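Everything on this sheet refers to the single structure shown next.
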Amino acid sequence: MPKSEIITIKRKDCFLIESFQLKNRDFFGKNIWTASEIDDFITSPRNLLLMAKINKKLVGISFFISNYIDLEIYTIFIEQNFRNRNIGSDFLQLAKRFCHSMLYNKILLEVNEKNEKALKFYLKNNFKKVGYRRGYYTSKNYENAFLMKLDV
């Protein structure tokens with residue numbers, strides 16, 4: 001099984017990342033960032049945007065966005081056929097290192113309470129549930145979310 005290569009997303013990759021989201025719209029729904037929005041994220045050295053490739057094929061992305069105090073996970077997504085290869089954990093390891101270099105103390109995220117796989121993944125990676133947001137996902141029938149954090 002080939003190992004994944006984790007690469008920082010650059011400006012030249014913005015359209016590729018937008019297309020990747022469109023290809024996986026079942027997961028992203030209406031929450032697809034445009035190439036221009038991705039480019040805006042990249043311009044801040046306080047953000048960390050990563051992609052995973054296997055044999056030069058894009059298989060996953062992660063966006064870790066700064067709120068100037070901590071790092072927030074906007075998305076971690078790996079295509080179905082490439083899950084369970086530690087790509088998500090590799091994204092998190094790089095984010096933890098990034099937090100240390102930027103002097104951030106925690107990583108935050110919201111996760112749909114019905115997304116059992118994601119919840120299991122985050123709990124396995126030592127995130128703790130610290131809050132609950134009722135009706136948080138307006139694009140998904142106002143479903144609820146858990147607020148989670150990882151101290152780094």
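The values are calculated or read from the model by the stated rules, or taken from the named source; none is laboratory data. Being a predicted model, the structure only gives us computed values, none of them experimental. Here the Cβ is made from the backbone with ideal geometry for all residues, glycine too, and neighbour counts use every protein chain on show. To get the accessible areas, we keep the full protein, side chains included, count just its heavy atoms, and leave off ligands, DNA and RNA. Shrake-Rupley method; radii C 1.70, N 1.55, O 1.52, S 1.80 Å.
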Total residues in segment 83-133, condition aliphatic (A, V, I, L, M) and under 20 Å from LYS53 (Cα atoms): 4
TYR104 vs. criteria open to solvent by less than 40 Å² (accessible area, probe 1.4 Å) and hydroxyl-bearing (Ser, Thr, Tyr): yes
Odd one out for ILE76, checked against (1) out of contact with any Gly (no Cβ under 6 Å at 6 or more places or on another chain); (2) open to solvent by 20 Å² or more (accessible area, probe 1.4 Å); (3) under 23 Å from LYS23 (Cα atoms): (1)
Selection status of ILE61, open to solvent by 10 Å² or more (accessible area, probe 1.4 Å), touching a Phe, Trp or Tyr at 6+ places or on another chain (Cβ under 9 Å) and not basic (Lys, Arg): no
Pair list, Cβ < 9 Å and 6+ apart or interchain, from segment 64-87 residues that are farther than 12 Å from TYR104 by Cα to residues that are open to solvent by less than 70 Å² (accessible area, probe 1.4 Å) and basic (Lys, Arg): ILE78/ARG85
Meets criteria (open to solvent by 20 Å² or more (accessible area, probe 1.4 Å), assigned to a loop (DSSP other than H, G, I, E, B) and either in contact (Cβ under 8 Å) with a residue 24 or more places away in the chain or closer than 22 Å to LYS30 by Cα (or both)) for ASN141: yes
Any hit, segment 15-34, residues being part of a strand (DSSP E or B) and surrounded by fewer than 17 Cβ atoms within 10 Å (Cβ to Cβ): no
Which listed residue is in contact with an Asp or Glu (Cβ under 7 Å, 6 or more places away or on another chain) and surrounded by fewer than 18 Cβ atoms within 10 Å (Cβ to Cβ), from ILE6, ILE38: ILE6
Out of ILE87, ILE54, ILE69, sole residue that is modelled with pLDDT under 95 and either closer than 20 Å to SER19 by Cβ or of a type in the set (A, V, I, L, M) (or both): ILE69
Members of segment 115-134 found to be in contact with a strand residue (DSSP E or B) (Cβ under 7 Å, 6 or more places away or on another chain) and part of a helix (DSSP H, G or I), listed by number: ALA118, LEU119, TYR122
Segments classed as strands (runs of 3 or more DSSP E), wholly inside segment 47-114, with at least 3 members that are closer than 20 Å to ARG133 by Cα: 71-78, 106-112
